[in-house]
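Quick notes on the structure that follows.
Each value in this text was obtained by applying a stated rule to the coordinates, not by laboratory testing. These numbers come from a predicted model, not from an experiment. Cβ placement follows ideal geometry from the backbone for every residue including glycine, while neighbour counts extend to all protein chains displayed.
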Amino acid sequence: MTPTATIPAARPATQPPRALRRFAWAVLAYNVAVIVWGSAVRATGSGAGCGDHWPLCNGTLVQHHPAVTTLIEFAHRATSGIDLLCVLALVAWTFAAVPRRHLARACAIAVLILTLNEALLGALLVLLGHTAQDRSPSRAVYLGLHLTNTLLLLAALALTAHFLARRAGAFRGALTLHAPRLALTGLIATLIVGVTGSLAALGDTLYPAQNLLTAIAQDFSAGASWLLQIRWLHPAISLIAGVFIVWLIARSLRDSANRTLAIGVLLLLALQYLLGVADVALLAPTWMQMTHLLGADLLWIALVILSARTCLIPAPASPCAQ
């Protein structure tokens, strides 16, 4: 039997201003763009483009005759700084527009914390020298933590926008939970897919292959780097996570309100598998890595929202609330 928990309804939700809802979605879209550009920084080896300085680039704010790698890294830092301002505005606006106990408030706070943590992890990658062609095992650890934080940040942003858009069930105490353990397990599995994908991409960057046969041989070579030997984990775990996604889609198709989003998730899943095959066949060029990451981010956001709509159901109003 699927675990189900019920939280008594507290009060009906009132919808925040349309401008705030649009702004929340815009901040989410902007974060996706910043993240995808961050993959270009890693794939092109531009992480050391600003030297070992942070947050300044090469110790200065204005760059004179910068190299291409410097421009790529500096652009990432500049857009990340703008993102922090957007997040601060989102938090302030959310707290001003919605009442206490509104779930968007808690999600917005999570967004701010995860954004600051994202900056910290990015700074550590630079200050500890885990950029460019660094092959130390600790780089993979920090990269995995960075990607985990990134996906959690996207989830928090997506939920902030989602709860701001809800007409009911947007307050603490006004939700019925359906299959929370199964949904959480599936989302964690999907998150692990993203982490293993970032490690596989790092292996592609540090140990490029001349052709597909050589790349496959690297994965099974006893003398190859451990990053190459674990590349098989990414497609294997993605198939396991696909089982959860199929379950979620099947569950969502029963509700006409979620049917369009469920079909969209199915199409994004199919696209991700195709992009994964193309990434391997083309030996992971930078543009393909960026496209693959974009698809992964969109799939993750759609999954989080579909999970919220399917598993966090507005509870019936209690008699005293009617």
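Got at least one residue in the range 236-245 being closer than 16 Å to R135 by Cα and either surrounded by fewer than 20 Cβ atoms within 10 Å (Cβ to Cβ) or of a type outside the set (V, I, T) (or both)? No, that holds for no residue.
Within the range 54-105, the set of residues being more than 30 Å from H130 (Cα to Cα) and surrounded by fewer than 16 Cβ atoms within 10 Å (Cβ to Cβ) comprises A89, A92, F95, A96, P99, R100, R101.
From the residues in the range 281-298 that are touching a Ser or Thr at 6+ places or on another chain (Cβ under 8 Å) and surrounded by 22 or more Cβ atoms within 10 Å (Cβ to Cβ), which one is nearest to L228 (Cα to Cα)? Of everything passing the filter in the range 281-298, Q289 is nearest to L228 (Cα to Cα).
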